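First the structure, in the form of structure tokens, and then the observations on it.
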């Protein structure tokens, strides 16, 4: 008898079996909180206003100076402008300001402050006239220009103080913003001077003008407007009320105008080079010393605020010393570069977030920022995460 033997078809489906166990996915790193943009960025409407003013300013330059002279003037003006920006960047390395506010400061000085100055000068010329006399020229250079120009630049600083209140923490911030506004203003003013010299006196006169403005005095407007920024930075650190802020702003602009008038007066009433060596160079040296002292004050404040977190166990004393001193930061960055995988980026983030944490705590202590406590929590979480990344935890 034959038996039928059944074979499983190659096309048949297998019986259900036991699938392999899927291992749970590794826990993803926590999402770092992001600081709110409000109070740290320039509003879009200000950018729109600046674009409109830029079109008007460009039309003015092209109409009265021509395209060729304006282009040459701009290229020459870029030389001192870049040098000034590099110097300001060095001063701003401790706690870098938000890029949008940096751009606003430069743009306000280069565009809005220049347009405001030109408009006010035109109105004053129509009202009081300009007979071309020596007295009128002296008035324009020593009184009118310092007041009008420092008012126009100072208005931009006040706007930055209001819209960027969470990034305007103290005197060094004010000096940086003031220097940026002054650098922008000097850039456009230099275009006007260099182009006019080229049209009226050719290469020879342009060379002299470039030497006087681009080599001897690239930091003049920077120093003037930094005085106004310093005054606003002082009251920002103290959490002063509106009335005191406005008084500080006016006093700062008055100080800036006095320095500006002294500078212009040295060219009108005295031997410029003699006063340049005997007065302006010492003033610039004092300005540099003042910035260095402000940076030391900023470091001490950072150390004090982070020390409070160290007392609560968040950081060690060694980490505070590393984060709150320039030498400690340099050693930390050098050490991070030697770690496997190169952890310099994580160390840089650790330093930046810890510094922002100290600034947020200072704002909270001053009472000027109702949201500073929330900033503290955000930057503490970011600093702890960055530290873990540095140490490979």
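Some notes on this structure:
- Residues in the range 80-102 that are surrounded by 16 or more Cβ atoms within 10 Å (Cβ to Cβ), in a helix (DSSP H, G or I) and either under 17 Å from the mean Cα position of the chain (by Cα) or modelled with pLDDT under 95 (or both): 81, 84, 85, 87, 88, 91, 100, 101, 102.
- For the range 248-271, the set of residues classified as farther than 27 Å from residue 361 by Cβ and without any contact (Cβ under 8 Å) to a residue 24 or more places away in the chain consists of 250, 251, 254, 262, 266, 270, 271, listed by residue number.
- Scope the range 128-149; condition farther than 15 Å from residue 118 by Cα, without any contact (Cβ under 8 Å) to a residue 24 or more places away in the chain and part of a helix (DSSP H, G or I); matching residues: 128, 134, 135, 136, 139
- Checking residue 117 against (1) modelled with pLDDT of 95 or more; (2) surrounded by fewer than 17 Cβ atoms within 10 Å (Cβ to Cβ), the condition it does not meet: (2)
- Close pairs (6 angstrom Cβ cut-off, 6 or more residues apart or separate chains): more than 20 Å from residue 219 (Cβ to Cβ) in the range 65-90, surrounded by fewer than 19 Cβ atoms within 10 Å (Cβ to Cβ) anywhere: 69/199
- Flag for residue 207 being in the same structural domain as residue 96 (by TED's automatic domain parsing), part of a helix (DSSP H, G or I) and either over 20 Å from the mean Cα position of the chain (by Cα) or over 23 Å from residue 117 (Cα atoms) (or both): yes
- Test for residue 200: is it touching a helix residue (DSSP H, G or I) at 6+ places or on another chain (Cβ under 7 Å) and surrounded by fewer than 17 Cβ atoms within 10 Å (Cβ to Cβ): no
- Filter pass, residue 225 being in the same structural domain as residue 71 (by TED's automatic domain parsing), at pLDDT 95 or above and closer than 30 Å to residue 370 by Cβ: yes
- Options 206, 302, 228: the member that is in contact (Cβ under 8 Å) with a residue 40 or more places away in the chain, touching a helix residue (DSSP H, G or I) at 6+ places or on another chain (Cβ under 6 Å) and more than 26 Å from residue 102 (Cα to Cα): 206
- Some residue of the range 364-377 being closer than 20 Å to residue 92 by Cα and assigned to a helix (DSSP H, G or I): no
The values are calculated or read from the model by the stated rules, or taken from the named source; none is laboratory data. None of the values given here were measured: they were computed from a predicted structure. As a convention, Cβ positions derive from the backbone with ideal geometry for all residues, glycine included, and neighbour counts pool all protein chains shown.
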